[in-house]
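Notes for the one structure printed next.
The values are calculated or read from the model by the stated rules, or taken from the named source; none is laboratory data. Nothing here was measured: the structure is a model prediction, and the numbers come from that model. All Cβ positions, even for glycine, are placed from backbone atoms using ideal geometry, and neighbour counts span all protein chains on display.
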Amino acid sequence: MSDRRVPGVRRSLRAEDADRELAEAYLAARDEAAFRALYRRHAPALWRMALRLSRGAEEEARDVMQETWIRAADRLDTFRWESSLRTWLISIALNCSRERIRRQSRETRAEGVEVAGQAPEPLGTGGVEPIDLSRAIDALPDGYRRVLVLHDLEGYTHDEIGRLLGVEPGTSKSQLHRARASVRARLASAEGGAR
């Protein structure tokens, strides 16, 4: 485990216990090694989430990641450990992403340009390729995409998604169903157009 370099943190801890000890070490003395260990543990999952939420726009994903870690560092002392640290970090990333989308929407309207959903890029030829799947997911409405990414790619349950997004588990289930149907339709269309 990468936490072995942080003095005072035992290697045999469960992930949640290790997170708690690292957080306490960081909060007690602003221990940079402890914060780096937390970053190494959670950054890959946050990056995947931020990249998917930003529809593959790496610069936007970097901005979401940076803002997420800034907020997490500032608010870590308020975290109540009622969920895993990763769930809390993901919720911060989701909020940062939503705020970015709202801000971009306002900026676009202020410029006098009508806001419209992003159209998917033209799909390539051949069978269903990973790029086709990525494009189909990217073309989903934000709410559907968030639920699909959280459930199918990150492994969250509908109850967890409900808490993260502030919706009922049934809403999460229906959005997931619609998201999957939309992705299937897009993939069928891409596959049919390639023949």
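State yes or no: is Arg86 closer than 17 Å to Asp19 by Cα and either at pLDDT below 90 or basic (Lys, Arg) (or both)?
The answer is yes for Arg86.
If I filter the stretch 85-105 down to residues being closer than 18 Å to Val149 by Cα and of a type in the set (S, T, N, Q), which single residue comes out as surrounded by the most Cβ atoms within 10 Å (Cβ to Cβ)?
Among those residues, the one meeting the criterion is Ser97.
Could you list, in sequence order, all residues of the stretch 132-149 that are in contact with a helix residue (DSSP H, G or I) (Cβ under 7 Å, 6 or more places away or on another chain), not in a helix (DSSP H, G or I) and not small (Gly, Ala, Ser)?
The answer is Leu140, and nothing else.
Suppose we filter the stretch 43-68 for residues that are more than 25 Å from Leu133 (Cβ to Cβ), buried (at least 20 other Cβ atoms within 10 Å of the Cβ) and not hydroxyl-bearing (Ser, Thr, Tyr); how many remain?
Counting residues in the stretch 43-68 that are more than 25 Å from Leu133 (Cβ to Cβ), buried (at least 20 other Cβ atoms within 10 Å of the Cβ) and not hydroxyl-bearing (Ser, Thr, Tyr) gives 0.
Could you list, ordered by first residue, the pairs with Cβ atoms under 8 Å in which the first is in the stretch 148-165 and in contact (Cβ under 8 Å) with a residue 12 or more places away in the chain and the second is assigned to a helix (DSSP H, G or I) and acidic (Asp, Glu), at least 6 apart or interchain?
Note: pairs meeting the criteria are Leu150/Glu160.
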